[in-house]
1. Condition check: closer than 16 Å to Met24 by Cβ and more than 12 Å from the chain's Cα centre (by Cα). Does Glu57 satisfy that?
2. So which residues in region 23-38 are at pLDDT below 90 and open to solvent by 90 Å² or more (accessible area, probe 1.4 Å), if there are any at all?
3. Does at least one position in region 88-97 carry a residue that is modelled with pLDDT under 90 and in contact with a Leu (Cβ under 8 Å, 6 or more places away or on another chain)?
4. Scan region 49-76 and report the pairs whose first residue is farther than 28 Å from Asp32 by Cα and without any contact (Cβ under 8 Å) to a residue 24 or more places away in the chain and whose second residue is part of a helix (DSSP H, G or I) and of a type in the set (Gly, Ala, Ser), with Cβ atoms within less than 9 Å and a gap of 6+ or a chain change.
5. Starting from region 83-105, take each residue that is of a type outside the set (S, T, N, Q) and list its partners that are surrounded by 11 or more Cβ atoms within 10 Å (Cβ to Cβ) and modelled with pLDDT under 90, counting only C-beta distances under 6 angstrom and pairs at least six apart or across chains.
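The values are calculated or read from the model by the stated rules, or taken from the named source; none is laboratory data. What you are looking at is a predicted structure, and each value in this text was computed from that prediction instead of being measured. For neighbour counting, all protein chains shown are included, and Cβ atoms are generated from backbone atoms with ideal geometry for every residue, glycine included. The accessibility values were calculated without ligands, DNA or RNA, using every heavy atom of the protein model including side chains. Shrake-Rupley method; radii C 1.70, N 1.55, O 1.52, S 1.80 Å.
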Amino acid sequence: RQRINGVRTNGFALSVSGSNNIEMLTCAGLTDDFENEGQLMAESVAAWLDQEWMPQEVHMRMGQCAKGVLIQLLTDKNKESVEVADVMMGISDTLHGRWSEYNDD
């Protein structure tokens, strides 16, 4: 996996686009195994939430939601054009829209 300024990017890649040469972080470096990439996302989200709060089953469900969003974006678009911001906003919007499923836990 690529490193940028010493930081592992986990398959995400920087690309320069736009008239201002803004560096955009895209999903270009991810493998074509979207199921596996999504599962890695799910596990990462759940582990982060467990560490930030306390281990809970709801974190696994939230991670699975994030997995679904990532897979959908990668399937609907060319992965080279999917920006990390698209993934982050998609996950945020989806979790917010489904918050009642997670809030009681």
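1. On the way: closer than 16 Å to Met24 by Cβ: no; more than 12 Å from the chain's Cα centre (by Cα): yes.
The answer is no for Glu57.
2. Within region 23-38, just Glu23 meets the criteria.
3. Initially, region 88-97 is screened for residues modelled with pLDDT under 90, giving none.
No, because not a single residue in region 88-97 is modelled with pLDDT under 90 and in contact with a Leu (Cβ under 8 Å, 6 or more places away or on another chain).
4. So the pair list comes out as Pro55/Ala46.
5. Final answer for the pair search is Glu83/Met24; Glu83/Thr26; Val84/Phe12; Val84/Leu25.
Condition check ((1) surrounded by 12 or more Cβ atoms within 10 Å (Cβ to Cβ); (2) in contact with a helix residue (DSSP H, G or I) (Cβ under 7 Å, 6 or more places away or on another chain)) across all residues:
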site	(1), (2)
Leu40	yes, no
Trp48	yes, no
Gln51	no, no
Met54	no, no
Ala66	yes, yes
Asp76	no, no
Lys79	yes, no
Glu83	yes, no
